[in-house]
Amino acid sequence: MRSKKTVLIVAAGALAVCFAGSIFALDGATAARGGESTLEEVLYLPSGKALQRLSLGYSSLLADIYWTRAVQYFGSRVQRSTRYELLDPLLEITTDLDPHLIVAYQDGSIFLSQQPTWGAGEPDKAVALLEKGIRNNPEYWRLYFTLGFVHYVDRHDYKAAEQAFRKGSEVPGALPWMRVMAARMAEKGADLGTAVALWQGVYNNTNDKELKQTATMHLDSLRADADMNELDRRIQLYRQKTGALPARWSDLIRAGLLPGIPLDPTGVPYKLEANGQVNIQDPSKFKFLGEFRNK
Amino acid sequence: MNSRLSAITLNTFREAVRDRVLYNLIIFVLLLVASAPLFGQISIGLERLILVNVGLSSISVFGILIGIFIGIGLVSKEIEKKTLYTILSRPVRRWEFIVGKYFGLVLTLVVNAILMSVGFYVALLISEHKLTGADGHLLIAIYFAVLEFLMITAVTLLFSSFSTPIFSAIFAFALFVIGTFATDLRNFAAAAHGMTKWFATAAAYAVPNFASLNVIGQVAHDQPLGGSLIVMNTLYALLYSAAVTAGAVLIFERRNLK
């Protein structure tokens, strides 16, 4: 009886010690292997079609795994790295395995099109991915929106953007503003209001945390650009009225040109420089500032 | 090793070798490896690559299947045939029975791996007409396959110590499948938050991480593998197997065999 108790104590101790040791050993093995070893293996079998045959009918499940890998790969690099060489193969495999996985086209194309370090900086590959998505899912009009977005924001090809929005607006069930977007592309090309509308659309269309954050940062920067353009205009009005530059915001308020201290989208007051220029207090919070700032 | 332990080990090995399922699987593996050069002829320029991938994958997968199929009956068969009572009525302790069974099955699988590897290298020699230094590099993947066998044997024995053969097979096979995606599970845990992160991390460490031991892709492309990886994977497989075997001993010691 005593011997059995000893065996139980030794076995329980061995279980605890060996299991704890296995955790450290596994961490060591993972470090020795390199963090992206599993992902690098995608390059050994880059054909999604071949993987589809090997998946024995479970290709949707495999597509979900590959999409998770693509998201994790992107998440581990965004704002940290300029190299995203595995992103395109991962998205290609994912969409070969499941051609109807809309999120992979919609979010994946924005991961691809954004400039480094915010994305792979490959808008042409993003367009190819979206065109593949539209071929496989012609009834899904939101893919045309993303295609128009990539043409407009990253490729600055306003004619292609207009065509994408127009074709999307013809899909049954498409929201009427797709036609409005097409008209705006044809009329104005690069325009702050259009850019805000497009980024707002991206924000509304995605559930991805990283992408929502990127869209928010773009929207904040665009709104700050719009605010500062308006403040510049009011400072010029003050100058015309008084013949001098305002020293502080209260001068504009007293002159009836501002209702109160102007705040940036994060709630911090704008900075009024001695030479009459308007700036923001912390530029690190506005990564995309100046894109639509009047000279 | 004490004499009782070595007797159980050798007896388990002898029994396993007599098992027909074992021979069928070996023949199947050898046929697969022998037919690999034919696949290579279909894919121009990929003959060696396909042979290596098919051969090494077969050694790993079929070794694991043999481990599961034999492992599930290690304890239950002895109870069914009532031979367990004869064994335990002698001066053999329960932990010696479990550990002896473990070593016996591991010995069987190592011998199988050696046989399969010989068949694999013969096929490689026929296909390439010579063996090079790069072919020696493939032994690392075979060694890692043996480490996988240590783990799957322990896992199967754990289930076999309290469950029926059919459920043991299902549990062990399910853990094998989950274990091949263990790296994805760890990545998921790293990206998760709150309670989900804790559960996912615990699950990622609790399941046997077969993904860490799979280097077939790398050796097939002659990618270098560091010595630290070999050391860490060896340590991991030994410690994980020891922990799971200790768990099997704990369950079997407390099991009512009446």
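B:Phe181 fails exactly one of the following numbered conditions: (1) open to solvent by less than 60 Å² (accessible area, probe 1.4 Å); (2) within 8 Å of chain A (Cβ to nearest Cβ); (3) closer than 21 Å to A:Ala25 by Cβ. What is the number of that condition?
With (1) open to solvent by less than 60 Å² (accessible area, probe 1.4 Å); (2) within 8 Å of chain A (Cβ to nearest Cβ); (3) closer than 21 Å to A:Ala25 by Cβ applied to B:Phe181, the lone miss is (1).
Please go through region A:18-29 and give me each residue that is open to solvent by 50 Å² or more (accessible area, probe 1.4 Å) and at the interface with another protein chain (Cβ under 8 Å from one of its Cβ atoms), ordered by number.
A:Phe19, the sole residue that qualifies.
Where residues in region B:229-239 are within 8 Å of another protein chain (Cβ to nearest Cβ) and open to solvent by less than 10 Å² (accessible area, probe 1.4 Å), which of them is nearest to B:Leu175 (Cα to Cα)?
Top of the filtered list is B:Tyr236.
Going residue by residue through region A:267-281, is there one that turns out to be surrounded by 17 or more Cβ atoms within 10 Å (Cβ to Cβ) and either β-branched (Val, Ile, Thr) or in the same structural domain as A:Tyr158 (by TED's automatic domain parsing) (or both)?
Within region A:267-281 (the criterion being surrounded by 17 or more Cβ atoms within 10 Å (Cβ to Cβ) and either β-branched (Val, Ile, Thr) or in the same structural domain as A:Tyr158 (by TED's automatic domain parsing) (or both)), the answer is yes, since at least one residue qualifies.
Hey, B:Phe120 hits all of (1) among the aromatic types (Phe, Trp, Tyr); (2) more than 26 Å from B:Leu235 (Cβ to Cβ); (3) open to solvent by 20 Å² or more (accessible area, probe 1.4 Å) but one; which does it fall short on?
Among (1) among the aromatic types (Phe, Trp, Tyr); (2) more than 26 Å from B:Leu235 (Cβ to Cβ); (3) open to solvent by 20 Å² or more (accessible area, probe 1.4 Å), B:Phe120 violates only (3).
Touching a Ser or Thr at 6+ places or on another chain (Cβ under 8 Å), of a type in the set (S, T, N, Q) and open to solvent by 10 Å² or more (accessible area, probe 1.4 Å) - does that describe any residue in region A:71-78?
The answer is no, given that none of the residues of region A:71-78 is touching a Ser or Thr at 6+ places or on another chain (Cβ under 8 Å), of a type in the set (S, T, N, Q) and open to solvent by 10 Å² or more (accessible area, probe 1.4 Å).
For A:Ala226, indicate whether it is out of contact with any Leu (no Cβ under 8 Å at 6 or more places or on another chain) and in a helix (DSSP H, G or I). Even if it seems obvious, please write down each step before you answer.
Values: out of contact with any Leu (no Cβ under 8 Å at 6 or more places or on another chain): no; in a helix (DSSP H, G or I): yes.
No.
State yes or no: is B:Thr245 surrounded by 21 or more Cβ atoms within 10 Å (Cβ to Cβ), at the interface with another protein chain (Cβ under 10 Å from one of its Cβ atoms), farther than 21 Å from B:Leu56 by Cβ and within 17 Å of the chain's Cα centre (by Cα)?
Values: surrounded by 21 or more Cβ atoms within 10 Å (Cβ to Cβ): yes; at the interface with another protein chain (Cβ under 10 Å from one of its Cβ atoms): yes; farther than 21 Å from B:Leu56 by Cβ: yes; within 17 Å of the chain's Cα centre (by Cα): yes.
Taking the combined requirement at face value, the residue satisfies it.
Pairs only if they're at least six apart or on different chains, beta carbon under 9 angstrom, first in region B:76-104 and assigned to a loop (DSSP other than H, G, I, E, B), second open to solvent by 70 Å² or more (accessible area, probe 1.4 Å) and modelled with pLDDT of 80 or more; list them, first residue then second.
B:Arg90/B:Arg4; B:Pro91/B:Arg4; B:Val92/B:Arg4; B:Arg93/B:Arg4
For region A:231-246, how many residues meet the condition of being in a helix (DSSP H, G or I) and open to solvent by 60 Å² or more (accessible area, probe 1.4 Å)?
Total meeting the criteria: 8.
The values are calculated or read from the model by the stated rules, or taken from the named source; none is laboratory data. The shown structure was predicted, so the numbers you read here are calculated from the model rather than taken from an experiment. Neighbour counts run over all protein chains shown; Cβ positions are idealised from the backbone, glycine included. Keep in mind that these areas ignore ligands, DNA and RNA; they rest on the heavy atoms of the full protein, side chains included. Shrake-Rupley method; radii C 1.70, N 1.55, O 1.52, S 1.80 Å.
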